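What follows draws every value from the coordinates through simple rules; no lab data is involved. Computed from a predicted model, the values in this text were never measured in an experiment. Virtual Cβ from ideal backbone geometry, glycine too; neighbours counted across all protein chains shown.
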Amino acid sequence: MAYAVIKDGVVINAVESEPDFAEEQGWIELPVSAGIGWLYVDGAFSPPPPPVAAVPSVVSRRQAKLALLAAGKLADAETAIAGADTETQINWNDAVEFRRDNALVATIGSALGLTSDQIDDLFRLAITL
C-alpha cells in the first residue's frame, strides 16, 4: 500500500509500506490520484498550486503598453511620464524594449504606486500579449 510522508502540509515522499509500520511513522494512506508535491490539509489531499511563471527580463514596447492598458494603468503612466524630466520622457517615448531591471521601470512603477510584485505581474502579462 502507498503512503504519503508529509512535512509542513506537503507530500514530500510516497512510500510502499505495511499498514502497521506506516501508522507508527505517522504516514497517511496516499490516494492513487495524489503524489509528491500535493498538499495535505485538514485530512484531505489537494493538488499543488500551479507554479508561478518566471518574470521575463525584457518585453517589447508594444507588450509593455498593452499590459499597462489591460491593467487600466496606461493613461496614468503617460500622465506620469508627461510630468517627468526630459531624459525619462525620451527613454519612455523612444524605447524599443523595457527591461525589468531598468530604472525607468522602477520610476514608472513608483509613480503608479505599484509594488515590485505588481510590476512583475505586469511583465508576466506583457509577455503573453
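Does region 43-53 contain any residue that is closer than 24 Å to Arg124 by Cα and in contact with a Gly (Cβ under 9 Å, 6 or more places away or on another chain)?
Restricting attention to region 43-53, the residues satisfying the condition of being closer than 24 Å to Arg124 by Cα are 47-53.
Next cut, in contact with a Gly (Cβ under 9 Å, 6 or more places away or on another chain) only: 47-48.
Yes, region 43-53 contains at least one residue that is closer than 24 Å to Arg124 by Cα and in contact with a Gly (Cβ under 9 Å, 6 or more places away or on another chain).
Check every one of the helices (runs of 4 or more DSSP H) wholly within region 69-127 and list those with 1 or more residues that are among the polar types (S, T, N, Q) and more than 13 Å from Val55 (Cβ to Cβ). I'd like the intermediate steps shown before the answer.
Details: elements: 74-82, 86-94, 103-111, 116-126.
Once the helices (runs of 4 or more DSSP H) in region 69-127 are filtered for at least 1 residues that are among the polar types (S, T, N, Q) and more than 13 Å from Val55 (Cβ to Cβ), what remains is 74-82, 86-94, 103-111.
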Matching residues in region 54-94 - criterion: being closer than 18 Å to Leu129 by Cβ, loosely packed, with under 15 Cβ neighbours inside 10 Å and of a type in the set (A, V, I, L, M, F, W, C): Ala54, Leu69, Ala70, Ala75
